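Report on the following structure.
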Amino acid sequence: MLCFYAQFIIIIIIIFFFFFMFKKNNKIINEGYLIYKSLLLQLTALITNAALKGKDSAALMKAIFRGSPISSTDGASRRLCVYKHCIPLCESGDLQTEVASDIIGLLMLETHVLPGPALAALASLFVDAIKVGEMGNGKSLELFPTILTALAAKEAIAYGKGELSGDEYKKQLINSLCASRWDPQCVIHLTTMFRDVPLSPEELQFLIEKVLRMFLKLDLQEIPPLIYQLLLLAAKGCKKLVLEGIIAYFREQDLHQKKEQREGESMDVEVQTIPQDQLRHVEGTAILHVVFAIRLDHELGKEFLKSLKVFEFLKGAIIKNFKDEQFLHGSKLLQDLLPPCHSISQMILDTVKNSVFGWDHVTQSLVQLGFILMDSFGPKAGPFGKTIEAPTTAAKTPSQLACQLGGQVLLESFKMHEPIRGEILEQVLNRLVTKTASPVTHFIELLSNIVMSAPMILLESSSKVTETFDQLSFLPLSTVQGLLKAVQPLLKVSMSLKDALILVLRKAMFSSQLDGRKSAVSGFLLLLKNFRVLGSLAPSQCSQALTSSQVQADVHSRYNSAANESFCLEILSSLRRCLGQQADVRLMLYEGFHDVLRRNSQLASSIMHTLLSQLKRYYEPEQDLLPPMKLESCISAQGDQVFLQEPLAHLFSCTVHCLLWHQSLGENARGGMDDEDDEEEDEGGFQDELHAILESVTRRMIKSELEDFELDKSADFSMTTSVGVKNSIYAVLVMGVYEVLMEYNFTIGNYSKNRFEEILELFKRYQKLTEILREKSGKGRTPHSKPPRSLLSMGFVSTLLTALFRDSAQSHEESLSVLRSSGEFMRYSVNVALQKVQQLEETGHTDGPEGQSPDKAFRYLCDITSVLMWRYTNIPSAVEDTGKKEKTQSISLLCLEVLLRVFSTVLQQYPSKVSNFLCSLDLSGEVEEEAEKDSLTEKTAFYIRQFQRSLFSQLSGSEEDFNSKEAQLLVSILSLLAGLLEPSSQQFVQFITWTVKICKETSFEDIPFSRGLLSLLFSLHVLYKSPVSVLWEMCQDIHSALGDIDEDVEVEKQSHFAVVNTKTAASTTVSCLLFQCNHNVLLIKFKCLHLFMPVHVSEGATQPAGQQDPVEKAVTLQLGTLLTALNELVQTALPTGACTDTLLRELGRTYSILTTLLKYYIQVCATHPGHLPARLEKLVKLSGSHLTPQCYCFITYVQSEEGNGGANDKKKKKKEEEAVMAKIIRQTKAIPSLIYNIEQYEKFLILLSKKSKVNLMQYMKLSTSRDFRINAATLQTAMQEQQETSQEPEESQAPKKKRRKQ
């Protein structure tokens, strides 16, 4: 019946609509419009009545919509009227829930057919209703998202005088809505509604910020449901913003709660806007919602962890754990008192291992942690943006250990979890490509480990490696070399990878960038080393050969040895083009040919002919012409600038080393086989020709004078003129050729006397040119470059030193006497060894053949050390007269300097081979067999005794015969070797006893030696026991040697350590003592922080009555002795400057530690009253009655001494001004900081007195006023006294005797 009535009304409405549409009479139109409006009201009233009665209102509305086609204007108008009527009807709350839901559901179904103007009108209706707060129920808001969605789909909507697209119109509505004022009652409904609205990221951020701002306007009980809806809304994005907003809201509420609580306590009035229990319940509900949302949305959980900075916390905990482990390892006292640290690195690695048992949700976080550790604690770039590639050594520092842990986490994760392998590899390769300004050695090492652990698995991601190859031309050379060496095993098993690399290298060969061409040469050389030709040496000599269990490379026909020959020859033809490029490219080629030849011996003929052809370009074939080299062809000019074009010395060096190696290989092979005579004849042809050239060059270089090279003393060697640059280049080339010829003639000479005479002649000319360069560079004021590195190979240096110092064969004696007769040549040989060892220490490799091989370098290092140890121990420097008569160092002293560098290099580069190194030294032939059975401590103790004897012999003579440089070197070596001793061993105790004895008996006034000896003493004491007692005794010696700050007081003469005397006390001893004081303060601080641990406090509280915790006892005892030592120093008349500044800073740190200790006892007294040990009272008494007053006296002394120093030196105005400025800077930092720390200590002492009911302030004296104001009366009195004193005759007074406070 209702549907029929509705259809009847619709028909009448249509008739009236058309009637007044076609009539022109305004009266008729107005009357028709009123009738039309009345009929619409009847229609809406019909809908209202049906809805209120709970009848089938949906059927009625369907009938209305059926009778209102959207194609007609009146139909669209009626539909809009129905929407406008039903929206407030559903929002009124008068309808049953089911009826309202049916109406909204029907409206949602019909929304998509509405025209654009109708949708815009409905959207504006909702926006206006929200602004005025008419959406309290929120039921009709379910329709709003559908309207906005339909609106966004429209092409054009009228807006003002123009048009907007539907999407832009929707954005305008949302912006207007979020910018308006919201009724707090509709916030939750709006948040729920917007979950179904399509939003752009910017709109979503704008909306969430609006909702978060509304938190403060809602009742506390409305916060949890809003948080729930907001977390669901966060599924669209802005998860971090939502979490941070929720956390910030509750943090603000907590702070507000605490503030009200404090104000209420101060005013004795209870002031609480929000009850605390209610806030805690709401927080609990919010936590529940967050946890539930995280379970449903893992991405939200990740953002939550990021917001809490979990990885930052883990990173800090890891680095702190490594620092604590190092601290414990470096102090015997801490090891005895504190339990060992739990290894957090082991815990993380255990987590990685356990993650294989279904812990998939952990793996991604572990990968992220690994990269964070490697990015944060990897090697850093050096100054000026240059990359300092540290050599690969065992991790030592906490940062290195953390970086190493990150690499281990990633490597183990890669092995165990297949899904994340691609991500790990991609991130590693991305860092190699993007981090061009910082070192990437740690990532290259990780990549190498990944390749070696799973090469076949890595082939699945070969496309990522190929993409990285495309960037080789733009990467630093060191990165390219490391990358190619790391992926080299893959090239043997992947044809596509190898072909892709060759294509990239060929393109790079013609790159406009020099580094690109150098990268191409490096890559081609690597391929030549590892793709062996049939008949070459055994594959065991390859650096990264894969085992058959990893890959089966030889099965593939494309990669067998026979097929590699054409491939390698093709590469060689490409490399020959490099011989026409810049010097750096040629130099790289020359340095790599020898390693290629050793690993791929079948390429010898091609390589040697290439070198021979290149050498002939610069060789003068006319035997009568001098010099034998065309140096002018080795340089090029561009304008006024001169460049090196051909590194001729390196060309000679490469040729000689390749020739000698190939010759030795042929001699070894001739003993077993004599076939292929024609090939040997061919090889012998280029060998003979090269030998002839080298013989001719040797003979003519000896005949040539420096004038033949235009390099006499009158030549210009300045780097500011083109002539000077040219002469400098010539000099470097000639010196290099001299060295190469010396090595060549020694190697083939077979200990011939004539050959050795030629070597000596070559050296004399080399030495003459060196002296000219040194003289010319010394005259110039501009800084000159370092001398060029020697071209002698490290293997030859080892052979040469052995021949010079230890070869006792009768058949060699006559020839070697030629070289041994020249002290300069022997000194030069040791200097070259020093240079090679220094380079090995700094970079991990040396120049020349086999310099890149760590094993060969270690073997040569052992040989050199054995020879020099024998030379030094058998011929001490006291026997040599050369060092006395000439300005140069003695050979023994040079040997000792090399030994120091060697020990440092072995400890840094080969820490796992130290025991093998000590066994190889072989000072006496009987020791070696037994030494292999000894422990590292016993081996080290043997060599320590050798150097102890040398140092004792130095100290046994008179001070005039004392060689300070040698003694310093000996102490430095002993310090290095001491680190290898086990602190609990008998040898360590004997060594520290000997060191203490030396310090007590040695009275030489040598400052550098005393500094080194005291540093050794303290470093040993820290590992043996606490050095505070030694500190105290030395402070007494310093006080006795330098006197008191009060000139009228005479200090009692005492001398516990003879090394502390008048000359060494002021600078050396005080600086060493203060450094050790700083170390002890750090140790005590570490123990104090351990006291603050909750577990320790609870355990300490359970100690029996009268028994003090061991850590507390140790802290108080250490601090007591330290205060006594510092009390001696503050009474000492130290020279102002660095010593007094450092002492002021150490005093400030000491009072800071005392304050920390007081805070601990305040905490203990708050929980366990009466827990105040007697030792603490003694410590307070010592600080209050002894140290603090002396600190103020010392401050006055420092200020007065600095003032007097500035007044007495009026002539030097600049120095005076600088001294005044430095004094002002020091006083504005050290003195106020010390006074502040003292006052803080007194403040907490008062607080502890109140808490413990013990009057600790009775031991404190009233502090001196330190307001830094000028007191006019005091100043006037002082001036009058000064005038009276100047008028009265001076009276001598006997100084007062100053007794020590016991």
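The values are calculated or read from the model by the stated rules, or taken from the named source; none is laboratory data. Treat the numbers as computed from the prediction; the structure is a model and nothing was measured. Virtual Cβ from ideal backbone geometry, glycine too; neighbours counted across all protein chains shown. Please note that ligands, DNA and RNA were not included when accessible areas were found on the heavy atoms of the full protein model with its side chains. Shrake-Rupley method; radii C 1.70, N 1.55, O 1.52, S 1.80 Å.
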Margin query: Here is the link list: Lys332/Lys1229; Lys210/Lys236; Lys1113/Lys1181; Lys380/Lys415; Lys464/Lys498; Lys1181/Lys1251. Which ones come out longer than 22 Å on Cα distance?
Written below: Lys332/Lys1229; Lys380/Lys415
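Tell me which GluC sites (Glu not before Pro) from the stretch 577-635 have a DSSP coil assignment and no more than 16 other beta carbons within 10 Å of their own. Working shown, then result.
Details: sites: Glu591, Glu622, Glu632; in loops: Glu622.
Sparse-neighbourhood loop GluC sites (Glu not before Pro): Glu622.
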Checklist line | Surface accessible to a 1.4 Å probe, per residue, for the residues of the stretch 932-1064, Å² | finding: 43
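Kirkwood Rh and Cα-based Rg: tell me the resulting Rg over Rh for the stretch 942-1081, rounded to two decimals.
On the way: Rg = 15.2 Å, Rh = 15.6 Å.
We get a ratio of 0.98 for the stretch 942-1081.
With only Lys, Arg, Asp and Glu charged, each at its Cβ (+1 for the first two, -1 for the last two), find how big the charge dipole of the stretch 142-250 is about the Cα centre; round to the nearest 20 debye.
On the way: 12 positive and 13 negative charges, 32 e Å.
Charge dipole of the stretch 142-250: 160 debye, to the nearest 20.
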Next item on the list: Calculate what fraction, in whole %, of the accessible area of the stretch 725-827 sits on carbon and sulfur atoms when a 1.4 Å probe is rolled over the protein chains.
Entry: 49
Check: Which value, in debye to the nearest 20, describes the size of the charge dipole of the stretch 398-505 about its Cα centre when Lys and Arg Cβ atoms bear +1, Asp and Glu Cβ atoms bear -1, and nothing else is charged?
Finding: 220
Check: For the stretch 176-245, max minus min Cα coordinate along each principal axis, in Å, sorted largest first?
Finding: 29, 25, 19
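Sorted by accessible area with a 1.4 angstrom probe, largest first, how do Asp1044, Asp196 fall?
On the way: Asp1044 15, Asp196 110 Å².
Most to least solvent-accessible, the answer reads Asp196, Asp1044.
Calculate the FRET efficiency for Glu695 and Ser573 from the Cβ-Cβ distance with a Förster distance of 22 Å, rounded to the nearest 0.05. Write down the numbers at each step before the final one.
On the way: r = 31 Å, r/R0 = 1.39.
E(calc), rounded to 0.05, equals 0.10.
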Margin query: At 1.4 Å probe size, what's the solvent-accessible area of Arg765? Round to the nearest 10 Å².
Written below: 40
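Could you order Glu1242, Glu646, Glu155 by accessible surface area, starting with the largest, using a probe radius of 1.4 Å?
Glu155, Glu1242, Glu646
How much length, in nm to one decimal, is gained on full extension between Lys302 and Lys507, taken as 0.36 nm per residue of separation minus their Cα-Cα distance?
Values: separation 205, 0.36 × 205 = 73.80 nm, distance 4.42 nm.
The Lys302-Lys507 span can extend by a further 69.4 nm.
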Notebook entry, point to check: When all protein chains stay in place, what accessible area (Å², nearest 10, 1.4 Å probe) is found for Glu897?
Noted result: 40
